[in-house]
């Protein structure tokens with residue numbers, strides 16, 4: 001689909017047993033007015049009707065099929081197969097609004113030093129429009145400290161240079177959840193994450209298979225913060241903020257472990273912060 005003049009955008013869309021929604025996601029990409037793009041759909045071992053649905057698109061999409069390995073491995077497989085210098089991500093339960101790709105490509109052309117940007121988004125929960133809470137409010141720039149509490153970057157809203165992923169690495173396949181939180185922190189301590197203040201994606205939520213509904217998410221955030229502190233890369237202010245958040249999350253998680261009778265595990269997390 002590349003016309004040879006515009007930068008090629010590689011869209012990576014992982015999916016697992018979401019035949020009920022992946023068509024909407026795919027169509028929202030194919031209906032973009034920016035045509036210099038390739039769409040790579042990674043079927044992560046689906047057992048529903050996903051394979052037949054994807055076959056209907058023929059050569060409009062590139063399909064990678066693998067055994068079920070999780071969203072990180074699926075995204076990484078798509079990124080590895082991508083040919084574009086710009087990588088855009090889309091979750092199979094979300095959809096892009098018209099003009100999303102063109103707006104981000106234009107942003108990069110006007111800001112040649114920028115490596116990553118995201119757009120604003122519309123939230124749909126259980127079929128109804130909702131407004132994000134204040135703590136979820138997006139902002140652009142050096143957002144590392146704000147991002148420590150919770151994920152402030154939506155994969156479906158992101159476009160970034162391939163060179164940035166080559167530098168920081170891809171998604172961590174050992175994280176069953178919060179894998180996006182982990183990657184954005186690895187980027188945000190060093191680089192600004194820019195924001196286009198237009199809602200250009202529709203983010204759906206409320207369904208049972210959302211990773212964000214998994215229990216004990218802070219366990220994975222603690223792992224991410226700990227690794228960043230161990231790398232020795234943070235500035236003094238960033239390190240102070242990261243240690244404070246680590247202590248907070250460890251205390252909360254340990255308290256939850258004690259309530260569930262997991263005393264030994266609680267002790268491990270209570271001792272973790274003594275290392276920093």
Checking residue 156 against (1) over 13 Å from the mean Cα position of the chain (by Cα); (2) under 21 Å from residue 29 (Cβ atoms), the condition it does not meet: (1)
Residue 59 - would you say it is at pLDDT below 95 and more than 19 Å from the chain's Cα centre (by Cα)? no
Kindly evaluate residue 195 against the criterion of being crowded, with 19+ Cβ neighbours inside 10 Å, outside any helix (DSSP H, G or I), touching a strand residue (DSSP E or B) at 6+ places or on another chain (Cβ under 9 Å) and in contact (Cβ under 8 Å) with a residue 12 or more places away in the chain. yes
Among the residues of the stretch 22-29, is there at least one that is assigned to a loop (DSSP other than H, G, I, E, B) and in contact with a helix residue (DSSP H, G or I) (Cβ under 9 Å, 6 or more places away or on another chain)? no
For the stretch 177-190: of the residues being in a loop (DSSP other than H, G, I, E, B) and touching a helix residue (DSSP H, G or I) at 6+ places or on another chain (Cβ under 7 Å), which is modelled with the highest pLDDT? 189
All positions within the stretch 235-255 that are farther than 12 Å from residue 149 by Cβ and without any contact (Cβ under 8 Å) to a residue 60 or more places away in the chain: 235, 236, 239, 240, 243, 247, 250, 251, 253, 254, 255
Any residue at all in the stretch 33-42 that's farther than 30 Å from residue 167 by Cβ and surrounded by fewer than 17 Cβ atoms within 10 Å (Cβ to Cβ)? yes
Can you find even one residue in the stretch 34-54 that is in a strand (DSSP E or B), touching a helix residue (DSSP H, G or I) at 6+ places or on another chain (Cβ under 9 Å) and within 21 Å of residue 193 (Cα to Cα)? no
Which residue out of 84, 78, 70 is more than 18 Å from the chain's Cα centre (by Cα), crowded, with 19+ Cβ neighbours inside 10 Å and touching a residue at least 40 places away in the same chain (Cβ under 8 Å)? 84
Residues (under 14 Å from residue 187 (Cβ atoms) and surrounded by 15 or more Cβ atoms within 10 Å (Cβ to Cβ)) located in the stretch 124-144: 142, 143, 144
Can you find a residue in the stretch 11-19 that is closer than 18 Å to residue 99 by Cα, free of Cβ contacts under 8 Å to residues at least 60 places away in the same chain and surrounded by 14 or more Cβ atoms within 10 Å (Cβ to Cβ)? no
Quick check on this structure: which one of 201, 243, 222 is in contact with a strand residue (DSSP E or B) (Cβ under 6 Å, 6 or more places away or on another chain) and modelled with pLDDT of 95 or more? 201
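The values are calculated or read from the model by the stated rules, or taken from the named source; none is laboratory data. Keep in mind that this is a model prediction, so the values were computed, not measured. Glycine also receives a Cβ, built like all others from the backbone with ideal geometry; neighbour counts cover every protein chain displayed.
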